[in-house]
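Worksheet: the structure to be examined is printed underneath.
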Amino acid sequence: METEGKPRKLGIAAGSGPLPAMLAEAALAAGRDVYVIGIEGAAEKEIERFPHAWVRLGAMGEFLRLLKENRCEDIVLIGGIKRPNLASLFPDKTGRSLMPRVARWLMQGDDGLLRGLADYFEKEHGFRVIGAHEVAGGLLAPEGVLSKAAPSPEQEIDIDVAARAALAIGALDIGQGAVACRGVVLALEAAEGTDRMLERVSSLPQDVRGREEARAGVLVKLSKPGQEKRVDLPTVGVKTVENVAAAGLAGIAVEAGGALIVDGEAVARAANRAGIFVVGLAPDRLRKLRS
């Protein structure tokens, strides 16, 4: 609920990438006060434009203290953080008390960890964990083609092939993305993330993947079945477009309403410069692929 008609204050737990700063700007534009907590070694210096503090990964007590002292009511967990090595975290007292639960959550995969943390913040500390799209709805991928280029019939087949592969690994909580070319799955996203997966695709022979003068193949990113949508929606941005183009692929397909596009206008411009397509897949199409 809002206090005296004012929107609830937002705490942003900031990992890497541009999204934390974008969300802070969106929240301020909507009349929300914000407080950004940057994870050391992950968050960008850009967060220092806003009221902020830095904490190391593992300092859960300090993180909670800062949120409470600054009267945050809602929390967004956003940005990349490398999966921690539990032995190297050096947790504080609160962090140490959480370690047995973190170990159990990790046994359920990344989604289990994120869901466990979200429930911990809400049920034990009274915060409300919300998704980035609840702060900046314009981040959600729209349905349809966002670029000048559109997928060809052959590329539509590759989209379906890659989407089925992404759904299969998502069901196992392995990753959110897959690449298919000429009806064959070329790569699956695992812990290394999308950018590293695309680097692997770039290293494949050109007779297997596409090339700049004859692009072929697609990257598809989908939310996992049962995805914890408050904290880990698949995300694409200008860097994704550049890496897809460097790999010789023809385009990107994401789940409309189930993926984040960082600065959609910039992504469309980058796609148009590279001559590739970006498309948001309709929910009905994905439901058929899931069946």
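Observations on the structure shown:
- Which listed residue is surrounded by fewer than 14 Cβ atoms within 10 Å (Cβ to Cβ), under 30 Å from residue 278 (Cα atoms) and at pLDDT 90 or above, from 131, 144, 137: 144
- Among the residues of the stretch 235-266, the ones that are of a type in the set (Asp, Glu) and surrounded by 22 or more Cβ atoms within 10 Å (Cβ to Cβ) come to 1 in all.
- For the stretch 153-184, filtering for residues that are in contact (Cβ under 8 Å) with a residue 60 or more places away in the chain and of a type in the set (S, T, N, Q) leaves 1.
- Count of residues meeting criterion [in contact with a Lys or Arg (Cβ under 7 Å, 6 or more places away or on another chain) and on the phi > 0 side of the Ramachandran plot] in the stretch 169-184: 1
- In the stretch 135-147, the residues that are touching a strand residue (DSSP E or B) at 6+ places or on another chain (Cβ under 8 Å) and closer than 12 Å to residue 23 by Cβ: 135, 139
- In the stretch 21-77, residue surrounded by the fewest Cβ atoms within 10 Å (Cβ to Cβ) [restricted to those that are part of a loop (DSSP other than H, G, I, E, B) and of a type in the set (Gly, Ala, Ser)]: 31
- Residues that are without any contact (Cβ under 8 Å) to a residue 24 or more places away in the chain and among the acidic types (Asp, Glu), drawn from the stretch 261-282: 265
- Among the candidates 44, 62, residue that is charged (D, E, K, R) and under 18 Å from the mean Cα position of the chain (by Cα): 44
- Of the helices (runs of 4 or more DSSP H) lying entirely inside the stretch 101-180, those carrying at least 2 residues that are more than 17 Å from the chain's Cα centre (by Cα) are 109-125, 153-171.
- Cross-chain or 6+ apart pairs with Cβ under 9 Å, the stretch 216-228 first and more than 18 Å from residue 248 (Cβ to Cβ), then surrounded by 22 or more Cβ atoms within 10 Å (Cβ to Cβ) and among the basic types (Lys, Arg): none
- Residues that are crowded, with 18+ Cβ neighbours inside 10 Å, in contact with a Lys or Arg (Cβ under 7 Å, 6 or more places away or on another chain) and outside any helix (DSSP H, G or I) do not occur anywhere in the stretch 195-205.
The values are calculated or read from the model by the stated rules, or taken from the named source; none is laboratory data. The shown structure was predicted, so the numbers you read here are calculated from the model rather than taken from an experiment. Positions of Cβ are backbone-derived with ideal geometry, glycine not excepted, and every protein chain shown enters the neighbour counts.
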